[in-house]
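S.K.: My questions all concern the structure below.
The values are calculated or read from the model by the stated rules, or taken from the named source; none is laboratory data. Since this is a predicted model, take the numbers as computed values, not measurements. Here the Cβ is made from the backbone with ideal geometry for all residues, glycine too, and neighbour counts use every protein chain on show. To get the accessible areas, we keep the full protein, side chains included, count just its heavy atoms, and leave off ligands, DNA and RNA. Shrake-Rupley method; radii C 1.70, N 1.55, O 1.52, S 1.80 Å.
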Amino acid sequence: MKVSWRIGRILGIDICIDASWLVIFGLFTWIMASHYFPSGYPQWPKWQYWAVGALTSILFFASVLGHELAHSLVAVRQGEKVRRITLFILGGVAQISDEPKEASKEFFMAFVGPLTSFAIAVVCSVLASVLRPVSEPFAAIARYLWFINLLLGIFNLLPGFPMDGGRVLRAIIWKFTGNLKRATRIASAVGQGFAFLFIFIGFSMMFRGLLINGIWIMMIGWFLLRAAGQGYHQVVMREMLSNVMAEDLMERDIPSVPSNLSIQKLVDEYILKHRDRAFIVADGGNIEGIVCLEDVKKVPKDEWPSVRVGEVMTLKEELATVSPNDDGNKILAVLGAKNVHQVPVVKEGKIQGIVCRTHILQLLQLRADLGI
Ligand SMILES: [Zn+2]
């Protein structure tokens with residue numbers, strides 16, 4: 001189960017914290033308060049290590065947020081939707097709704113992240129020298145943030161997909177070859193190379209007694225390894241989906257039911273018999289809406305005999321629809337945005353058929369089995 005909390009909203013983007021982030025926040029504060037600051041500033045009182053440690057932790061994660069916000073703002077400028085930014089155990093991730101459509105856009109969107117980290121590093125280095133004569137603790141915080149943001153920028157610029165540097169590399173190859181799939185394959189391979197390197201370094205650090213750092217670096221490597229593979233599959237899938245249209249995927253003969261039918265009868269005589277998930281609700285030739293499995297599930301079982309289809313259906317006017325020549329990516333985007341399993345295909349105000357998530361998955365499975 002995934003648990004996360006929304007802590008705020010910046011420029012229309014939800015900022016969320018994943019439960020796993022609390023672990024890293026605690027660990028990071030602990031390392032700062034019990035190792036890093038005591039070794040550099042042995043004369044501080046004990047409470048100060050923890051106060052400064054916690055503040056450093058908060059500001060570090062604010063820097064990570066700044067990095068992700070930079071990606072997001074460029075994405076928004078380019079017309080993409082950014083749903084949320086989530087801080088989790090390995091840093092931050094911005095959920096950008098679509099892959100960029102042009103190499104130059106991808107290049108800029110990826111590059112702006114490390115650039116922001118470097119900019120924060122520069123500001124912190126200036127702050128560190130300005131604050132030194134004024135306040136030792138604040139100067140120490142600024143000094144650490146300078147170092148960590150520099151490291152963050154460099155790490156993210158490593159040219160392996162899906163790190164920012166890997167996206168930059170992909171954009172460059174994409175620009176020169178015109179082939180997004182090949183560019184992603186190469187950038188992912190480099191990314192997997194770095195991932196194995198991280199796992200190897202982490203492993204050998206563990207043997208040299210650097211347990212926490214070793215585990216940490218191995219975890220980053222493992223995460224990158226998975227992400228690099230997934231990123232490539234996503235591109236392959238998007239390409240596959242861009243070749244199929246709603247009219248190829250849709251089911252044309254959709255059974256229709258009257259709106260005064262009870263839910264109980266709908267389940268017994270239609271859903272279980274036809275094994276369909278969605279039905280058109282129509283009286284005579286007049287289409288009123290669509291009723292699907294999700295609508296049924298909202299009604300408690302003991303009320304099934306008394307509740308009518310018309311009371312739970314989605315009205316025709318409120319339905320998310322696609323047109324017959326929308327491609328698979330558009331359909332998945334609509335399904336995802338509305339969080340439904342099927343969407344009607346509408347042409348000139350008339351429902352032509354229904355596309356289900358399962359139709360798309362079946363097609364992908366068939367193609368995978370055939371190796372095409
Ligand atoms: Zn980034």
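S.K.: (1) at pLDDT 85 or above; (2) within 27 Å of the chain's Cα centre (by Cα): which one isn't true of Gly336, the others all being true?
M.R.: Every listed condition holds for Gly336 apart from (1).
S.K.: Starting from residues that are at pLDDT below 85 and of a type outside the set (A, V, I, L, M), keep the ones in the stretch 301-322 and report whichever is most open to solvent (accessible area, probe 1.4 Å).
M.R.: Glu317
S.K.: Do any residues in the stretch 20-34 that are at pLDDT below 90 have Cβ atoms under 7 Å from those of residues that are not in a helix (DSSP H, G or I), where the two are at least six apart or on different chains, and which pairs are they?
M.R.: Ser20/Phe88; Ser20/Ile89; Trp21/Leu87; Trp21/Phe88; Trp21/Ile89; Val23/Ile89; Ile24/Ile89
S.K.: Restricting to the stretch 41-74, and then to whatever is assigned to a loop (DSSP other than H, G, I, E, B) and touching a residue at least 24 places away in the same chain (Cβ under 8 Å), can you tell me which residue is farthest from the ligand (Cβ to nearest atom)? Quick ask: steps written out before the conclusion?
M.R.: Filtering the stretch 41-74 down to residues assigned to a loop (DSSP other than H, G, I, E, B) leaves 41-45.
Narrowing further to those that are touching a residue at least 24 places away in the same chain (Cβ under 8 Å): 41, 44.
Values: Tyr41: 32, Trp44: 34 Å.
Filtering the stretch 41-74 for residues that are assigned to a loop (DSSP other than H, G, I, E, B) and touching a residue at least 24 places away in the same chain (Cβ under 8 Å), the one farthest from the ligand (Cβ to nearest atom) comes out as Trp44.
S.K.: Met109 versus (1) open to solvent by 10 Å² or more (accessible area, probe 1.4 Å); (2) within 26 Å of Trp216 (Cβ to Cβ); (3) in a helix (DSSP H, G or I): which is the lone unmet condition?
M.R.: Going through (1) open to solvent by 10 Å² or more (accessible area, probe 1.4 Å); (2) within 26 Å of Trp216 (Cβ to Cβ); (3) in a helix (DSSP H, G or I) one by one, Met109 breaks only (2).
S.K.: Now a separate question. Quick check: anything in the stretch 270-282 open to solvent by 20 Å² or more (accessible area, probe 1.4 Å) and within 24 Å of Arg83 (Cβ to Cβ)?
M.R.: There is no residue in the stretch 270-282 that is open to solvent by 20 Å² or more (accessible area, probe 1.4 Å) and within 24 Å of Arg83 (Cβ to Cβ).
S.K.: Here's something else I'd like to know. For the stretch 248-255, state whether one or more residues are closer than 30 Å to Arg185 by Cβ, assigned to a helix (DSSP H, G or I) and not hydroxyl-bearing (Ser, Thr, Tyr). I'd like the intermediate steps shown before the answer.
M.R.: Narrowing the stretch 248-255 to residues closer than 30 Å to Arg185 by Cβ: 248-249.
Now narrow it down to the ones that are assigned to a helix (DSSP H, G or I): 248-249.
This time we only want the ones that are not hydroxyl-bearing (Ser, Thr, Tyr), so: 248-249.
Within the stretch 248-255 (the criterion being closer than 30 Å to Arg185 by Cβ, assigned to a helix (DSSP H, G or I) and not hydroxyl-bearing (Ser, Thr, Tyr)), the answer is yes, since at least one residue qualifies.
S.K.: Check whether at least one residue in the stretch 269-287 is touching a Leu at 6+ places or on another chain (Cβ under 6 Å) and either more than 19 Å from Gln362 (Cβ to Cβ) or part of a helix (DSSP H, G or I) (or both), and report yes or no. Before the answer, list the steps.
M.R.: In the first step, residues of the stretch 269-287 are kept if they are touching a Leu at 6+ places or on another chain (Cβ under 6 Å); the result is 277.
Okay, now just the ones that are also either more than 19 Å from Gln362 (Cβ to Cβ) or part of a helix (DSSP H, G or I) (or both), so none.
No: zero hits.
S.K.: How about the stretch 93-137: which of its residues are within 16 Å of the ligand (Cβ to nearest atom), in contact (Cβ under 8 Å) with a residue 24 or more places away in the chain and among the small types (Gly, Ala, Ser)?
M.R.: Ala94, Ala110, Gly113, Ser117, Ala121
S.K.: How many residues are hydrophobic (A, V, I, L, M, F, W, C), within 15 Å of the ligand (Cβ to nearest atom), farther than 12 Å from Phe118 by Cβ and touching a residue at least 60 places away in the same chain (Cβ under 8 Å) if we restrict to the stretch 149-172?
M.R.: Matching residues across the stretch 149-172 total 4.
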